[in-house]
Ligand SMILES: Nc1ncnc2c1ncn2[C@@H]1O[C@H](COP(=O)(O)OP(=O)(O)O)[C@@H](O)[C@H]1O
Ligand SMILES: [Mg+2]
């Protein structure tokens, strides 16, 4: 399909030219797997990407033949760097880098009350995080994008709003200046792109459309949409009457399952169409990734999806 090709080309262009690629969408839609697939695709394009995970649970690697990301940036698989950023570390680094002396910062951070305060203030913790992404992007930006696997939907919004939140409180000074610079990077379509991911289900699609509307209001540069987990109509050639007939005989249970599966697939198709129609209105491209039936390890799954990003059928 032409539009799929356009979407793939756009995605490639984003990987090649942006410093920061934020991956966002409802929980469970495949953000982590898609982020890993994007990193693999970026490597395929000759880049050296950095996969930025955030407080990820300990797990096996998201990359084929890779190792799980740790607390510091390291090479997870040949040509792909990665980190599992702990937000607490990000907040501490932010404090250290912005306060007059490291000792003061550490004292402050070790103080239980201020620690609670820092945690409780969303702008501070989000700013710390986005600041960390920006620093890594500056360091690695020339070699490839930092691909950020964000938490669920609301997180992207709070990250985008963090710099303004800081600037409202601190009217001047180093922190204000830094927040201003980061806001500039996050809203610069030459440097940043937000890739939104959905599944062909009602809530993820609705949430994605709302999220995109909000991000647009906040002037975040939006990239193409990834519709993950798309399943073709199962057994499209078996007519409804045949299924109905089978349901009366010995194959009753199998026929029942088949009917349920088809109902599910049709509902998914309706949601895909709803998403496509909404995106067509705003001129946004949609890239679909298939539902993979085999139970694969995350790395193998990401590998398959990366091949699709490259145009494999
Ligand atoms: N295209 C796909 N086909 C089959 N399973 C998938 C696909 N994409 C993701 N999954 C599975 O769905 C689950 C959620 O994916 P994950 O990337 O962890 O989502 P998120 O990061 O958005 O919460 C995982 O078990 C993952 O292996
Ligand atoms: Mg995840």
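Assorted remarks:
- Relative contact order of the chain, taken over Cα pairs closer than 8 Å and 6 or more residues apart, is 27 percent.
- Nearest 10 degrees, 0 to 90: helix 154-169 Cα axis against the chain principal axis: 20 degrees
- Helix 298-309 and the longest principal axis of the Cα set of the chain meet at an angle near 80°.
- Going by neighbour counts of Cβ atoms within 10 Å, the residues 291, 52, 194 line up, fewest first, as 291, 194, 52.
- Angle in degrees between helix 31-44 and the longest Cα principal axis of the chain, rounded to the nearest 10: 80 degrees
- Kirkwood Rh, angstrom, the chain [1 / mean 1/r, Cα pairs]: 20.9 Å
- Cα Rg, Dmax, the range 246-313, angstrom units: 16.9, 50
- Only helices enter the 222 nm calculation for the chain: every DSSP H run of n ≥ 4 contributes -39,500 (n - 2.57), and dividing by all residues gives -18000 deg cm²/dmol, rounded to 500.
- Protection proxy ranking of 59-70, 35-46, 139-150 - average other beta-carbon atoms within 10 Å, highest first: 35-46, 139-150, 59-70
- Of 178, 259, the sequence from fewest to most neighbouring Cβ atoms within 10 angstrom is 259, 178.
- Annotation: peptides 152-160, 5-13, ranked by per-residue average of other Cβ atoms within 10 Å with the highest first, follow the order 152-160, 5-13.
- Counting DSSP beta bridges with both ends in the chain, the antiparallel % (nearest 5): 10 percent
Readers should treat all values here as calculations from the given coordinates under stated rules, not as data from a laboratory. This one's a predicted model, so the numbers in the text were calculated from it and none came from an experiment. We place every Cβ from the backbone using ideal geometry, glycine too, and count neighbours over all the protein chains shown.
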